[in-house]
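Take a look at the structure set out below.
Every read-out reported here was derived from the displayed coordinates using simple, explicitly stated rules and does not represent laboratory data. Source: prediction; values computed, not measured. Here the Cβ positions follow ideal geometry from the backbone for every residue, glycine too, while neighbour counts run over all protein chains shown.
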There are 2 protein chains.
Amino acid sequence: MAKEKKQEFVTHITPRSEDFSQWYTDVILQTELCDYAPVRGCMIIRPYGYAIWEQIQQAMDSRFKATGHQNVYFPMLIPESLLLKEAEHVEGFAPEVAWVTQGGTEKLQERLAIRPTSETIFCTMYAKWVQTWRDLPLKYNQWCSVMRWEKATRPFLRTSEFLWQEGHTIHATPEEAQEETLTMLEVYREVAEDVLALPVYVGQKSEKEKFAGARATYSMEAMMHDGKALQAGTSHNFGTNFSEAYGIQFQNKEGKLTYAQETSWGTSTRLIGAIIMTHGDDRGLRLPPRIAPIQVVILPIAAHKPGVNEACEKLEKELKDAGFRVKLDDRDTVSAGFKFNDWELKGVPVRLEVGPRDLENGVVTVFRRDTCEKFTLALDGIAGEMQQLLDSIQQELYNQAKTFRDTHTRPVKTMEELGEAVQEGFAKAAWCGDRECEDKIKDQFNASSRNMPFDQNDEGCSDTCVCCGKKRKHIMYFAKAY
Amino acid sequence: MAKEKKQEFVTHITPRSEDFSQWYTDVILQTELCDYAPVRGCMIIRPYGYAIWEQIQQAMDSRFKATGHQNVYFPMLIPESLLLKEAEHVEGFAPEVAWVTQGGTEKLQERLAIRPTSETIFCTMYAKWVQTWRDLPLKYNQWCSVMRWEKATRPFLRTSEFLWQEGHTIHATPEEAQEETLTMLEVYREVAEDVLALPVYVGQKSEKEKFAGARATYSMEAMMHDGKALQAGTSHNFGTNFSEAYGIQFQNKEGKLTYAQETSWGTSTRLIGAIIMTHGDDRGLRLPPRIAPIQVVILPIAAHKPGVNEACEKLEKELKDAGFRVKLDDRDTVSAGFKFNDWELKGVPVRLEVGPRDLENGVVTVFRRDTCEKFTLALDGIAGEMQQLLDSIQQELYNQAKTFRDTHTRPVKTMEELGEAVQEGFAKAAWCGDRECEDKIKDQFNASSRNMPFDQNDEGCSDTCVCCGKKRKHIMYFAKAY
């Protein structure tokens, strides 16, 4: 393999170091992942963005089914009276609900909420469907959109409407519900790390930060390239909070009426934002092969020369037949240089260039987007080597992201150190468990991301709370959050 | 193959002949396809119903992609001002729009419609994205839910919210747009006939019946078991109607500003209603194998006898490995008789019974749901024969439906005959093309379904309009419609 570094940068994207936020906007618009909608706070997911979402959906959905879940569809409208039954939940969501007050020409008697999440309507039906322990568990999931009337929005990261999946399950015992809660968090971690190449910290949220109505909330937290944390998935154990409010009772094996245990868990199109901000570089996107809508792009070089187009078409067919997602870019309206930039911008993991000289030598020129290395491979048998190449890119992207995350995680012992650490990543610190200290740290350093990792490794931390000096209860990751 | 007719009917479903409407309600609720929602006119699609929808989605989506379409997601909310730009369209949809007037604590300046369909917002973005002929065509589709504030609702057939796909495409020339319109109708026909086993008449709607804002609407019409027609999919050619209203212009190859040509096409969860009412019988559902969530159910008989459970598990694995959707019903809480009824009710195409006597003889007892025949097959190599058996069931269901449809289609020459024919199916009649005659026939016989088939075979019809006696312009199918 002859290797040489390629040095043609795309010039029309703001460098990350200059203005990360503008870089993000440039990338999402110029790669046509999405566009702003003529509706306040909403976005349009364009084909390239939606194709990524379909890959994520597939990775998630197959795992949901493998763990015994079934898909359903519940109405998007929820009557106000249903929403009001669980007090904490209402309080959490009411300020950001969009209300339907008119249907056709008729003014509605009762306002209907566009679902901000669906616990309330799932619970209403579970109360109807469940009679005995034989009916349990019910492990349902739905893919849909939800609406939260957000003030400040950013495409993929926070929009008024977004696409997600929401799992809602009920169980006979607290143990089963807790197992479910953690199983689904583990499914999320697996998809994040193995499919999206996003290293994540998994752990529990504080009392203050848990979901409205939950007894415990768990999350996975990823590190973006600007040093901010992004909550990439959550899993909640409600205990009997909702089943008491909605009357989900069943006869247990001993014949006694018992409240059911409930969980819910969700991930959203936000994951696309995480992929962009974790892997992207100054040339644009870098997509992990396992979710790249196009894994390999083939570019004919000097396409007018005999044999070039034919060789490209043969190569395309060979790779497609081998199961890869391939695109042959045979546009004759743009230059090869434009195409190079275009596909680097779009983050396609592998580019294959096929020109007359390559064909003479029986090779193709390979460019891998993760390292920007260029080298040649024998044309003969390339389909057999492609999986290995893509796996190597997948692993490399994960490794780069993990190195970045690890070097942007700092154990700290003082408030001053904590303040410095959250400027560029995660601060890992001892915490006494008191709300007062949590608030103080949050307010002082804008540490809006807080997670108590399952891995309570305390290396480099103190035995006493970083804030008040009292005995430590937890190791906590603090960061600024998206 | 030893055959015997099985005679155990499920008793708790109203017979179709007694009350078709009640039969339908019994079937959808007892098979747990769906349930009524605590929201006016909405339904909940339960796991078994949603699994059918996923099969339909897959059949459609793979064909959309094979014909060059890409999936996207557009916002569910549409500002009133956008909706108002195309006059006919507004008039058609405004009476059934649900309006959002409040977001969080804020009263909105402008009302937002929950999309009843998305032409208006697609057109708004197309106007922004399209500059030259090089940008065309754009062939987009989205899977989403839409909301229409219906007065009378029935699960799957007509609900306030329903799931669907809507394709929206723009093209440079009228010819391309017309080709697209008909290509997608053909995709629908293929899915309906080859996958859902629903024979359909394909053709054009009258001027009166076309979609609000369309220049031409095409549809496929299926025949339900009560003799009513069901419109199962539509495809519209808008010409430049919308692009003029929304300003979708492009520079053509000659450098001249030109309005784009537009199409849209849709199918919905209504198709599930069509499957139920076409194939169902007095025992419940009969699902075509290609969309059945469970194609083969395995029932252990005398499961406590040595070897039975093991044989069932081995069989399950063998069939799963061969790619079939299989369920082993090893419940020990219900009797074998209950299971028989249960799976017949749920319409599973093939039931395999495995008991000690079967095992002694090296066979399984096979029950096919379409014909209710029972016979035995050698256990050894059954996976190899399963595809053929399922194909045969698929074909048989189609044949039965086609025979029913054909015997419920009557060419007629007089109004009296037409009136009789639409009592039990399609009346095929000559029509002068005048709105007045169309209205008269519709009003007199409640012939709310009207379609001019592409196949204008006039056998048995007259040369003059069945209503006014003027020269005939079209052959038209008339029926009562869902």
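Couple of notes before you dig in:
- For B:PHE338, label point 7 Å along C-beta direction: distances to other copies, nm: 6.9
- With the charge dipole of the stretch A:343-482 set up from +1 on Lys and Arg Cβ and -1 on Asp and Glu Cβ about the Cα centre, the Cα lying farthest toward the positive end among the listed residues A:ASN451, A:TYR477, A:ILE441 is that of A:ILE441.
- The residue among B:THR105, B:TYR398, B:PRO15 whose Cα reaches farthest toward the positive pole of the charge dipole of chain B, with charges on the beta-carbon of Lys, Arg, Asp and Glu, is B:THR105.
- Amide hydrogen neighbours beyond the local backbone of B:ASN141, cut-off 5 Å, H modeled: B:GLN70, B:ASN71, B:VAL72, B:HIS168
- Taking all C-alpha pairs of the stretch A:221-306, those more than 14 Å from each other amount to 77 percent.
- Computed P(r) (all Cα pairs; chain A; 10 Å bins; percent): 4, 18, 25, 24, 17, 9, 4, 0, 0
- Calculated FRET efficiency, B:ALA66 to B:GLU313, Cβ-Cβ distance, R0 = 35 Å: about 0.40 to the nearest 0.05.
- Estimated dipole of the stretch A:209-340 in Debye, rounded to 20 [Cβ of Lys and Arg +1, of Asp and Glu -1, Cα centre]: 120
- Estimated from the Cβ-Cβ distance and a Förster radius of 35 angstrom, the FRET efficiency linking A:GLU106 and B:GLN22 is about 0.75.
- In order along the stretch B:181-191, phi translates into HN-Hα couplings of 4, 7, 4, 6, 4, 5, 4, 4, 4, 4, 4 Hz, rounded to whole numbers, per the Karplus curve 6.51 cos²θ - 1.76 cosθ + 1.60 with θ = phi - 60° and x for Gly and Pro.
- Each 10 Å bin, from zero up to the one with the longest distance, holds this percent of the alpha carbon pairs of the stretch B:256-339: 13, 29, 26, 14, 7, 5, 3, 1, 0.
- Among the trypsin sites (Lys or Arg not before Pro) in the stretch A:136-233, those located in a DSSP loop and surrounded by at most 12 other Cβ atoms within 10 Å of their own Cβ are A:LYS151, A:LYS208.
- Phi-based couplings in Hz for the stretch A:365-378 (Karplus 6.51, -1.76, 1.60; Gly and Pro marked x): 8, 10, 10, 9, 5, 5, 9, 6, 7, 10, 7, 10, 9, 4
- Entries of A:LYS151/A:LYS440; B:LYS210/B:LYS440; B:LYS208/B:LYS413 with Cα pairs more than 20 Å apart: A:LYS151/A:LYS440; B:LYS208/B:LYS413
- Compared with the alpha-carbon gap, the fully stretched path from A:GLN456 to A:GLU416 is longer by 12.2 nm at 0.36 nm per residue.
- log₁₀ of I(q)/I(0) at q = 0.19, 0.21 Å⁻¹ - the stretch A:165-298, Debye sum with one point per alpha carbon: -1.02, -1.16
- A simple charge model with +1 on the Cβ of Lys and Arg, -1 on the Cβ of Asp and Glu and nothing else charged puts the dipole of chain A at about 460 debye relative to its Cα centre.
- About the Cα centre, charge dipole magnitude for the stretch A:24-157 (Lys/Arg +1, Asp/Glu -1 at Cβ), debye: 260
- DSSP beta bridges fully contained in the stretch A:286-425 are about 55 percent antiparallel.
- Put simply, the convex hull of the Cα atoms in the stretch B:147-233 casts, on average, a shadow of 7.0 nm².
- Placing a label point 7 Å from Cα along the Cα-to-Cβ axis, A:LYS473 is separated from the same position in the other copies by 8.0 nm, shortest listed first.
- Charge-dipole axis of the stretch A:89-198 as Lys and Arg at +1 and Asp and Glu at -1 on Cβ define it, positive-most pick from A:ALA197, A:ILE114, A:THR183: A:ILE114
- Inter-copy label distances at B:GLN57, using a point 7 Å along Cα-to-Cβ, come to 0.5 nm with the shortest given first.
- Number of partner chain Cβ atoms within 10 Å, mean per residue of A:41-52: 5
- Excluding exposed DSSP-loop GluC sites (Glu not before Pro) (at most 15 other C-beta within 10 Å), longest clean stretch of chain A: A:255-458
- Of A:LYS139/B:LYS320; A:LYS205/A:LYS442; A:LYS85/A:LYS128, pairs whose Cα-Cα distance is over 18 Å: A:LYS139/B:LYS320
- Binned Cα-Cα distance frequencies in the protein assembly as shown - 10 Å width, integer %: 2, 10, 17, 22, 21, 16, 8, 2, 1, 0
- The mean number of partner chain beta-carbon atoms within 10 angstrom of a residue's beta-carbon across peptide A:89-101 is 4.
- Phi-based couplings in Hz for the stretch A:404-419 (Karplus 6.51, -1.76, 1.60; Gly and Pro marked x): 4, 4, 5, 6, 10, 10, 10, x, 10, 10, 10, 4, 4, 4, 4, x
- Size estimate for the stretch B:359-482 follows the Kirkwood approach: the inverse of mean 1/r over distinct Cα pairs works out to 17.2 Å.
- The protein assembly as shown, helix-only ellipticity at 222 nm - DSSP H runs n ≥ 4, -39,500 (n - 2.57), divided by all residues, nearest 500: -10500 deg cm²/dmol
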